[in-house]
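Just so you know, all these numbers are worked out from the coordinates, no wet-lab data involved. This is a predicted model, so every value here is computed, not measured. A quick note on method: Cβ atoms are made from the backbone with ideal geometry, for glycine too, and the neighbour counts reach across all protein chains shown.
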Amino acid sequence: MAISEHTKSDQVVADRGRYVARGVATTPLVVARAEGARIWDVDGREYVDFAGGLGCQNTGHGFAAAAIHEQVDRYLHQCFMVGMYEPYVEVCRLLDETWPASGVETKSLLLNSGAEAVENAVKIARTATGRPAVIVFDHAFHGRTSLTMAMTAKVVPYKQGFGPFPGEVYRSAAPYPYRGVSSDDALDALGHLFKQDVDPATVACIVLEPVQGEGGFVAMPPDFPARLKEVCREHGILYVDDEVQAGIGRTGPVWAIEHYDTVPDLIVSGKSLGGGLPLAGVTGPTELMDAVPPGGLGGTFGGNPVACAAAVEVLREVRSEAFRTRADELGIRVRTRLEQLAARNAAVGEVRGLGPMLALELADPTPELAKSVTSAARDRGLVLLSCGIYGNVIRILVPLTIDDALLERGLDLLEESLGDARAG
Ligand SMILES: Cc1ncc(COP(=O)(O)O)c(C=O)c1O
């Protein structure tokens, strides 16, 4: 083929192959521009975005652009440890206002990534309790740093070859009703863990995603978080709620834990918090957060002012009644369509999720069909992601600002892609 016949995408893909480490997996999509729930590639093709930059665009591409531009003109970086600035403090104030219980004074710490925030929640929990151990669950994803890799529950591709991992991380069964694990089973397993592997008196925290994200969009059953909190209370263990993927309005309320009748000890946020800029947080009651003495927490870029300026807009938006109403509407609309689609497709095993954080689990626990669906979707103009311990879950992380017409188009493309993949 003559060089002139290459598309711009082909050229970038070739350069990426030459210059970018292959360990960073990518799809062939080469993005030129994005707005709301639409993406355009470098060859001018338009896509409906059902991935939201992996859950980072709950408020849509470009949502906080004006606030970002304004902050860029003021200053880009100070390092909060060198000179404090209002956007950081304002994000922490807004996070305090979103705490899912009244009458609790909270403080926050801001970081660059979800993994860094999870690590810091563990640091805080260890200092506050004076205990070393951490308990996590089957299908968990908490990040790719050394400690969070140990906490994450999938060997390939996240852990293979990267050990040894830090100690004092224990794993217990998580509820997964579709595959036969109930809340009772999971709590029994935790009891066994306390008998067999770790003395609960040495456990600093239990870390749980209210809806397991990378693990397959497994929403915790309604009773589980409160029963887990009771176990934590009995043993003096802190309950860390990892809301990096499920939080910031993804399930409707600001925090997914608001669907459940319990309040965690620490909340970890990330992804959509920065509206597309890297920002994550740990929030909790003052007495826990202040267990760490001055200098024990921080980092060069954590709570970058431009990311904080975006987060102020994002937090105001996801707390608004209009956002919540629309998110609830989208949840009903998408669930209805997915259930109709499932009724027509024997390959679909379950439709599940919480609010508009929804997914299809394919009955066959292998990744091939889901891969074909996401690839067919790209060919048809839909950006779609799979997940799950078996790689067989198709998840929807659409910006929650999408309009009805574009949403319906995306759902049509999803159904057609499932048809293509099954025929192929
Ligand atoms: C629940 C959860 N925790 C932590 C992380 C890690 O976040 P990051 O990739 O920003 O380090 C993720 C990322 O997908 C996540 O879904």
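For Phe137, list long-range residues whose amide hydrogen, built 1.01 Å from N in the peptide plane, is under 5 Å from its own amide hydrogen.
Hits under the 5 Å cutoff: Ser172.
Can you compute log10 of I(q)/I(0) for segment 75-318 with the Debye formula, treating each Cα as one identical point scatterer, at q = 0.11 Å⁻¹?
Debye output, listed in q order: -0.53.
By DSSP, what percent of the beta bridges with both residues in the chain are antiparallel, rounded to the nearest 5?
65
Enumerate the amide H contacts of Glu209 below 5 Å, restricted to partners 5 or more residues apart or on another chain; note that Pro and chain-start residues carry no placed amide H.
Under 5 Å from the amide H of Glu209 lie the amide H atoms of Asp242, each far enough along the sequence or on another chain.
Over segment 75-318, what is the relative contact order in whole percent, taking alpha-carbon pairs under 8 Å and six or more residues apart?
Here the relative contact order equals 30 percent.
Going through the cross-link list Lys229/Lys371; Lys123/Lys159; Lys8/Lys159, which pairs have a Cα-Cα distance over 31 Å in this structure?
Lys229/Lys371; Lys8/Lys159
Output the peptides 380-393, 86-99 sorted from most to least packed, where packing is the average of other Cβ atoms within 10 Å over each peptide's residues.
In descending order of packing, they fall as 380-393, 86-99.
Calculate, in nm to one decimal, what Ala405 and Asp290 gain on full extension: separation in residues at 0.36 nm each, minus their alpha carbon distance.
36.6 nm
If I build a Gaussian network model for the chain, linking alpha-carbon pairs within less than 10 angstrom, which residue out of Met149, Met81, Met289 has the largest mean-square fluctuation?
Met81
So if each residue of separation counts as 0.36 nm, and I subtract the Cα-Cα distance between Asp197 and Glu416, what length gain in nm does that give?
74.0 nm
Projecting each Cα onto the charge dipole of the chain (Lys/Arg +1, Asp/Glu -1 at the beta carbon, about the Cα centre), which of Val240, Gly103, Val72 comes out farthest on the positive side?
Val72
Would you calculate a helix-derived [θ] at 222 nm for the chain, using -39,500 (n - 2.57) for each DSSP H run of n ≥ 4 and dividing by the full residue count, to the nearest 500?
-12000 deg cm²/dmol
With the chain treated as a Gaussian network of Cα nodes joined by springs under 10 Å, which of Ala359, Ala66, Ala405 yields the largest mean-square fluctuation?
Maximum among the listed residues: Ala405.
Which FRET efficiency value, to the nearest 0.05, is calculated for Phe165 and Ala25 with the Förster distance at 22 angstrom and r the Cβ-Cβ distance?
0.55
As a test, work out the antiparallel percent of DSSP beta bridges whose residues both lie in segment 267-418, rounded to the nearest 5.
95
For Thr366 paired with Asp96, estimate the spin-label separation in nm (one decimal), with each label point 7 Å from Cα along the Cα-to-Cβ line.
Here the modelled spin labels are 5.6 nm apart.
When only Cα pairs under 8 Å and 6 or more residues apart are kept, what is the percent relative contact order across the chain?
RCO, the chain: 22 percent.
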